[in-house]
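The values are calculated or read from the model by the stated rules, or taken from the named source; none is laboratory data. Computed from a prediction, not measured in an experiment: that's the story for all the values here. Counting neighbours? That spans all protein chains shown, and the Cβs are built from the backbone with ideal geometry, glycine included. What goes into the accessible areas is simple: the full protein's heavy atoms, side chains included, and nothing from ligands, DNA or RNA. Shrake-Rupley method; radii C 1.70, N 1.55, O 1.52, S 1.80 Å.
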Amino acid sequence: MSDGVYDSIVEAIGNTPLVRLNRIVDGSAATVYVKLEYLNPGGSVKDRAARAMILAAEDAGELRPGGTVVEATSGNTGIGLAAIAAARGYRTIVVVPDKSSREKIALLRAHGVEVHVTPGGRPAGHPEHLRSVALRLAAEIPGAWFAGQYDNPANPEAHRRTTGPELWAQTGGRITHFVAGVGTGGTITGTGEYLKEISGGAVRVIGADPATSVYGGGDGRAWYVESVGHYLHPETETDEWPDSYHPEIVDRIERISDVESLTVLGRLAREEGLLLGGSSGTAVAAALRIARTLGPEDVVVVLAPDSGRSYLSKYFDDDWLGRFGFPLYGPANEPTIGALFDEVAGSTLRTIASGATVAAARELLEVAPVLPVLLQRSASGPAVVVEILGVVTAASLAGAPDDAVVTEYADAPLPVVGSTEPVRRAAERIADRPGPVLVAYEGRAVAVLDGARIIAAATNSK
Ligand code: PMP
């Protein structure tokens, strides 16, 4: 058979192109290539791990004809598994967190997957945690097999066997730096181990990690780019890292904020013609940082896991970006919350940890009229909007005993508007909930504003 003709999609996975970055490298002397994993049949790098896990399970007799594939995933592994399972006659059930993009959940359903959406923000081991739900389903369904990408050795092995050798061959052995994000760790571990071995240890392996992720030394607070990093719920008792990740293979980790990932993502689309997913923005941001320190002989390869098509309703959507106070993709062309209200800049918002006492909250309330109650171990540090559990005021604490836990007396969370959001749009969204609103800047709560003032400002600017 000639090149490019396959018996099934199983053989059509891998051998994705490397494309050189030309316009966003900002004068770096090093060459930077992006490996375009969205060109796999299932649309992401996870096709590689999905294929390897299914084939290994068949070999081990764990997955038999008529069986059911079950997985916990942010989406892409499920899509890869579903495509391969369909071609081989298996059913697929996938458990996804509610933070996964609408597009990924729709893609899973389009592949005929039975999708279970679980609420985010549950500690590991909680019955509603992604993995617990998937394990329960796999135990209940006859003939079910749990893929378990976080601990399945076939995941990193897929990259040792395919991604690593492809990169070595495609660069003619000239690759000096490999950059990738870390989710399960399969990509960076398998590819990194292969490249180090074949190069006699010369290739440097760089992890690209969300700034607050635990992998890179962050405190585990939430972030907005999905599918990479390691989140730490404040109630997690023992933090376990996936077996698929071998941190010793990583020479350094670049910590990338959400806003840096999103900025690079926009530049990739507009200046390089590459419409990529959020974790590609994180990885390319790290590669650009590294490339700035290198010379003309250096060849940096950064792995881009999936396409921006899966995130049109998030990272490329001004409504989503504005709501959290991220820079808009298109120009606002009208007054924004941040431009109109001086309080948004430089404001310090008082917060309290979810486990604090009512007495501690009362003390804070003496200096602040409205107090968001946060789901975080420490009351210090920025409050991530998506983690805010509720608010407490002097009124909500009336009659509460001093030694009670403050969370039990909290009112519902406040509506959130973004600092970059057009005032008119913010006013529309809060119209049915007058009263105080939280203002988000780059995903963090920075101020409380009177909603009536936002609505009045929108009316006056008409
Ligand atoms: N980016 C995206 C979009 C992904 O789907 C994944 C896998 N969850 C990753 C990055 C991380 O890859 P890995 O699990 O191999 O570390």
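Each residue in the range 174-200 was checked for being assigned to a loop (DSSP other than H, G, I, E, B) and either within 18 Å of Arg48 (Cα to Cα) or open to solvent by less than 30 Å² (accessible area, probe 1.4 Å) (or both), and 6 of them qualify.
Of note, Asp243 does not satisfy the criterion of being surrounded by fewer than 20 Cβ atoms within 10 Å (Cβ to Cβ), charged (D, E, K, R) and away from the ligand (no atom under 16 Å from the Cβ). I'd like to check something: does the range 59-79 contain any residue that is acidic (Asp, Glu) and under 30 Å from Ala285 (Cβ atoms)? Yes - at least one qualifying residue is present in the range 59-79. The residue list Glu260, Glu235, Glu271 contains one member that is part of a loop (DSSP other than H, G, I, E, B) and open to solvent by 30 Å² or more (accessible area, probe 1.4 Å), which is Glu235.
Among the strands (runs of 3 or more DSSP E) confined to the range 387-452, there are none with at least 3 residues that are acidic (Asp, Glu) and open to solvent by 60 Å² or more (accessible area, probe 1.4 Å). Specify the residue that is most open to solvent (accessible area, probe 1.4 Å); the eligible residues are those in the range 309-337 that are in contact with a strand residue (DSSP E or B) (Cβ under 7 Å, 6 or more places away or on another chain) and small (Gly, Ala, Ser). Looking at residues that are in contact with a strand residue (DSSP E or B) (Cβ under 7 Å, 6 or more places away or on another chain) and small (Gly, Ala, Ser), I get Ala332. Answer yes if at least one residue in the range 301-314 is farther than 26 Å from Thr77 by Cβ and in a helix (DSSP H, G or I), and no otherwise. Checking the range 301-314: not a single residue is farther than 26 Å from Thr77 by Cβ and in a helix (DSSP H, G or I).
In the range 1-105, counting only strands (runs of 3 or more DSSP E) that sit wholly within it, the ones holding 3 or more residues that are farther than 30 Å from Pro123 by Cα span 18-20, 31-36.
The residues of the range 289-308 that are open to solvent by 10 Å² or more (accessible area, probe 1.4 Å) and more than 12 Å from the ligand (Cβ to nearest atom), listed by number, are Arg289, Ile290, Arg292, Thr293, Leu294, Gly295, Pro296, Glu297, Asp298.
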